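Participant: My questions all concern the structure below.
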Amino acid sequence: MNIESFIKDWIAASNSYDTGKYLKFYNENAVLDDPSVGRKFIGHSGIKEYFESYFIGYQTQTELRKLEIKDNSAFLEVEFTGDFPEGKIGGSFNFIFKNDKIEFLKADLIH
């Protein structure tokens, strides 16, 4: 698995608001933990809710700023722009991969 290509494709799917394509990057029972919104989103149904609310709903676009890869995990710093009060804000993602898909993802905003 080429994690750098995977991350770039994941961002492209996110920025195109293609929910079906976006969910294909996650294992069926993956967990997305976002302390910024105070919730964990479990499985495809939970992650779909997260994506549609916070990415499609706010027309969020994600731009890669920094990527660190280590073994079966990755740390990503991004810049978000969209229809939210700040208009532009930093963010980070910590990925854990299993079977060439996202098994666990911690998302957070950087203020």
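Participant: Place a +1 charge on the Cβ of each Lys and Arg in region 1-68 and a -1 charge on the Cβ of each Asp and Glu, then give the dipole magnitude about the Cα centre in debye, rounded to the nearest 20.
Facilitator: That gives region 1-68 a dipole magnitude of about 20 debye.
Participant: Further question: At most 13 other Cβ atoms within 10 Å and a DSSP loop assignment: could you name the GluC sites (Glu not before Pro) in region 60-111 that fit?
Facilitator: For GluC sites (Glu not before Pro) across region 60-111 that sit outside H, G, I, E and B with at most 13 neighbouring Cβ atoms in 10 Å, the list reads E86.
Participant: Set the Förster distance to 30 Å, then compute FRET efficiency between E63 and I42 from the Cβ-Cβ distance, nearest 0.05.
Facilitator: That pair, E63 with I42, gives E of 0.65.
Participant: HN-Hα J couplings of region 25-42 from phi, Karplus 6.51/-1.76/1.60, θ = phi - 60°, integer Hz, Gly and Pro as x?
Facilitator: Rounded to whole hertz, the list is 7, 10, 5, 3, 10, 4, 10, 10, 9, 10, x, 4, 10, x, 8, 10, 10, 10.
Participant: What distance in nm separates the two pseudo spin-label positions at M1 and N15, each 7 Å out from Cα along the beta-carbon direction?
Facilitator: That separation, rounded to one decimal, is 2.2 nm.
Participant: Sticking with this one: Give the relative contact order (percent, whole number) for region 1-104; include only Cα pairs under 8 Å separated by 6+ residues.
Facilitator: Contact order relative to length: 24 percent.
Computed from the coordinates by the stated procedures, all read-outs in this text should not be read as laboratory data. All of these numbers come straight from a predicted model, not from anything done at the bench. Every residue, glycine as well, gets a Cβ built from its backbone with ideal geometry; the counts of neighbours run over all protein chains shown.
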